[in-house]
């Protein structure tokens, strides 16, 4: 892994990281990675440790609170946010392998504390330290290439929150181009929603299905053998649809490929051998 | 009033998804509008700054709405026009009917206007023996079909050419039955010829307004067909029907917002016609109406001021949000069940008809954020849909099963130690069950998911359990 010295020079938002000292990162695992695909969490840890970070995983974490927040339940969302902030606010950085969860932590926590200036300021200080994994590697650590190999064609789906809330578009593509043997084949409309939308996909299954059908069509047309994205929710939705359609296209989180950790079966595939 | 079918959104959506011609038509929305807007925005380096500017103009106007409305009304009257204040849709209909009666009007021509859709004007006028004639081609087609617009700037976007031909043959019985109507241009020519007669017959012309200008008392419309100009300048009476948030302070402000309007809507630099009307015809004017009325409609908008929904009043009805919405692309406009579809409808409709009637609308969104990213007025549409969900949640309007499930989940999500003990067992079991195939074709309580897609099985063992095994007691934050 090639990292420039940018993070040495850069003060962490709370000023704790001194020049030359390894940044301390709290990994926000995200509930879906925790439950369905731990290998994404380990890939995230590897990528950040290779880049010279000290990575911790606080045990006191469950979910970012989005299901409550997006269902209109601010009270529970706020209680969950308070717990996350308490667990993570001492780290230099908080990193999540998901644009959606990182977006929640970074862009929405502060508004949960609108009625309390002190709590809001605390949330804002926390949010300033939050990054999505690939954006953290590329934008904060200044990494331009990874030491990984993947023989084959891949296509990349831009998950909505990462793209539109956090501006993640070129970062994963740049890093993917540094993977030896990997050929990137862009799909049409890679920035269009896959139809997951959290609880949307089970509240409005017919509409969600129509949207993911459009998405798998453009994925197949891209002609790649592996689909990547940065959000497990979207990945499970697209993988589930591709498998139901009988497609042989494999689906993985982008971190797995960047970390060179693709021994696990792809999402929704059975164990080999 | 337009019939409200928003409570049946799910059934409407299913019907729309099974409607093959509709699905073909929606494909055009997906391809055409998006590409054209992208080119137009790309061609203007200052586009994003213009959006900021447009937002600021409207924010200022809304912050001083009372002041600007009064200034506007004074200017209209100084120019010889009449201003009518309508608090409700019913008030607006009554005022317009009174004007029609005072002129003994039999026929009124209409320019394209979503406000007259909102107040259900056509049906009301027909009930009272006044014949409304829509003159925008899309609206004319919709009127012949007895339908409502499915898109705010392309009302007949769900209709295909063959359907239009059949409608024209059914209604235009005075024309040669053997005439050729194969080409869109011949259909257009026929509509133009039929409508031209109507303009001359009309006693009153009714238009909406894209802007009302406080400094001059001017109403502004933008069109591509020129029908609006004929509607408002040929009859003896011109009635403008507009909602109160159309107000902007100055003509300069109009020209600023116009720079983002057409680009966002159709990708045009400007619409073909932008027409400014100030009062009735003056002595030196070559043409124009003898009488000029403005009906200013509130219909619930003033109660949005000062709330979390005020930003919605910046909307200039360009349609970019629905053009870029995956849900709109899937189900089209009629599924939303009232006048305003797509993301802007999902926010505005609950404000105007009540969230208890239209609760599905702000929920049927993936929060993909594409609408906000293209909105020329930078309206935070997903955020406001979420505010509607908060209102529903606090009033217990969402389904009991969903509330119960959410409450149970939140109970555990707030208690990490308990959550992890539980998920360790549950995921371990699920992982074992899914081990053979790597995915499930069906899953109790997950029917919404597995009806259409497989559910990937967990790898086995939660991340937290595996990490604890590797790192033992040295962990921080363990409870």
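Residue A:213 - would you say it is surrounded by fewer than 23 Cβ atoms within 10 Å (Cβ to Cβ), more than 17 Å from the chain's Cα centre (by Cα), facing chain B (nearest Cβ under 9 Å) and in a helix (DSSP H, G or I)? Criteria met by residue A:213. Please verify whether residue B:197 is without any contact (Cβ under 8 Å) to a residue 60 or more places away in the chain and either touching a helix residue (DSSP H, G or I) at 6+ places or on another chain (Cβ under 7 Å) or over 30 Å from residue B:289 (Cβ atoms) (or both), treating the condition exactly as stated. So residue B:197 does not fit the description; no.
When B:76, B:83, B:29 are screened for being modelled with pLDDT under 95 and surrounded by 15 or more Cβ atoms within 10 Å (Cβ to Cβ), only B:29 passes. Filtered by the rule that a residue be more than 14 Å from every other protein chain (Cβ to nearest Cβ), farther than 21 Å from residue A:201 by Cα and surrounded by 21 or more Cβ atoms within 10 Å (Cβ to Cβ), segment B:352-380 gives B:353, B:376, B:377, B:379.
The set of residues in segment B:290-315 that are over 25 Å from residue B:101 (Cβ atoms) and either touching a strand residue (DSSP E or B) at 6+ places or on another chain (Cβ under 8 Å) or in a loop (DSSP other than H, G, I, E, B) (or both) comprises B:300, B:301, B:305, B:306, B:307, B:308, B:309, B:315.
Counting only helices (runs of 4 or more DSSP H) that fall entirely inside segment A:93-207 and contain at least 2 residues that are surrounded by 22 or more Cβ atoms within 10 Å (Cβ to Cβ) and not assigned by TED's automatic domain parsing to the domain that holds residue A:225, the qualifying elements are A:99-103, A:117-127. The residues of segment B:148-171 that are more than 22 Å from the chain's Cα centre (by Cα) and closer than 25 Å to residue B:200 by Cβ, listed by number, are B:164, B:167, B:168, B:169, B:170, B:171.
For segment B:303-327, filtered to residues that are within 17 Å of residue B:352 (Cα to Cα) and without any contact (Cβ under 8 Å) to a residue 60 or more places away in the chain, the residue that is surrounded by the most Cβ atoms within 10 Å (Cβ to Cβ) is B:304. Being surrounded by fewer than 24 Cβ atoms within 10 Å (Cβ to Cβ), under 22 Å from residue A:29 (Cα atoms), in contact (Cβ under 8 Å) with a residue 40 or more places away in the chain and facing chain B (nearest Cβ under 9 Å), is that true of even one residue in segment A:230-242? No, segment A:230-242 has no match at all. Among the residues of segment B:171-188, are any surrounded by 14 or more Cβ atoms within 10 Å (Cβ to Cβ), in the same structural domain as residue B:294 (by TED's automatic domain parsing) and within 30 Å of residue B:300 (Cα to Cα)? Scanning segment B:171-188, I find no residue that is surrounded by 14 or more Cβ atoms within 10 Å (Cβ to Cβ), in the same structural domain as residue B:294 (by TED's automatic domain parsing) and within 30 Å of residue B:300 (Cα to Cα), so the answer is no.
Just one of the listed residues (B:101, B:145) is under 23 Å from residue B:235 (Cα atoms), more than 18 Å from the chain's Cα centre (by Cα) and in the same structural domain as residue B:205 (by TED's automatic domain parsing), namely B:101. For segment A:46-58, does any single residue satisfy the condition of being in a helix (DSSP H, G or I), over 23 Å from residue A:233 (Cβ atoms) and modelled with pLDDT of 95 or more? Within segment A:46-58, one or more residues are in a helix (DSSP H, G or I), over 23 Å from residue A:233 (Cβ atoms) and modelled with pLDDT of 95 or more.
Could you list, in sequence order, the residues of segment A:45-64 that are facing chain B (nearest Cβ under 10 Å) and touching a residue at least 40 places away in the same chain (Cβ under 8 Å)?
Answer for segment A:45-64, where residues must be facing chain B (nearest Cβ under 10 Å) and touching a residue at least 40 places away in the same chain (Cβ under 8 Å): just A:64.
None of A:124, A:118, A:89 is closer than 30 Å to residue A:146 by Cβ and more than 10 Å from every other protein chain (Cβ to nearest Cβ) except A:89.
Among all positions in segment B:336-359, there is at least one residue which is assigned to a loop (DSSP other than H, G, I, E, B), touching a residue at least 60 places away in the same chain (Cβ under 8 Å) and closer than 24 Å to residue B:35 by Cβ.
The values are calculated or read from the model by the stated rules, or taken from the named source; none is laboratory data. From a predicted model like this one, the values you see are computed outputs, not experimental measurements. Quick reminder, even Gly has a Cβ in these numbers, built from the backbone with ideal geometry, and neighbours come from all protein chains shown.
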